[in-house]
Amino acid sequence: MPTLSMFYGIIVRMFNEKGGKHHLPHVHAMYSGKEVVVTLDGNILEGKFPGKQMKLLLAWLEIHYEELVANWELLSGGETSFKIDPLK
């Protein structure tokens with residue numbers, strides 16, 4: 001699963017789950033042993049994050065929405081994703 005970005009201890013990854021349980025474009029984020037799966041528009045599909053880190057992740061998703069969609073399309077076509085700037 002390619003890592004797209006890392007910021008404030010949060011690692012954000014994406015891969016295409018053709019035929020998987022999540023049919024919507026989404027990311028997997030990890031922080032301190034916790035994992036959350038979130039759609040690109042910020043809806044939680046699975047898991048839970050601490051409040052502060054969830055707010056940071058949601059802000060990052062909003063800022064980089066277009067880049068995330070582009071990465072989803074690349075991965076869906078079997079191509080390689082690209083890195084996205086961290087939240088600063």
Practice item. Answer yes or no: is there a residue in region 13-33 that is of a type in the set (Val, Ile, Thr) and open to solvent by 60 Å² or more (accessible area, probe 1.4 Å). Key: no
Checking 62, 73, 67 in turn, the sole residue that is assigned to a helix (DSSP H, G or I), acidic (Asp, Glu) and under 15 Å from residue 3 (Cβ atoms) turns out to be 67
When region 49-77 is checked residue by residue, the ones that are over 18 Å from residue 15 (Cα atoms) and of a type in the set (A, V, I, L, M) are 54, 56, 58, 59, 63
Going residue by residue through region 15-32, is there one that turns out to be of a type in the set (Phe, Trp, Tyr) and at pLDDT 95 or above? yes
By residue number, the members of region 50-88 that are open to solvent by less than 40 Å² (accessible area, probe 1.4 Å), over 15 Å from residue 25 (Cβ atoms) and modelled with pLDDT under 95 are 87
- Quick check: is even one residue across region 80-87 within 12 Å of the chain's Cα centre (by Cα) and either β-branched (Val, Ile, Thr) or assigned to a helix (DSSP H, G or I) (or both)? yes
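The values are calculated or read from the model by the stated rules, or taken from the named source; none is laboratory data. Please read all numbers here as calculations on a predicted model, not as lab measurements. With ideal geometry, Cβ positions are generated from the backbone for all residues, glycine too; neighbour counts draw on all protein chains shown. Side chains included, ligands, DNA and RNA excluded: accessible areas come from the protein's heavy atoms. Shrake-Rupley method; radii C 1.70, N 1.55, O 1.52, S 1.80 Å.
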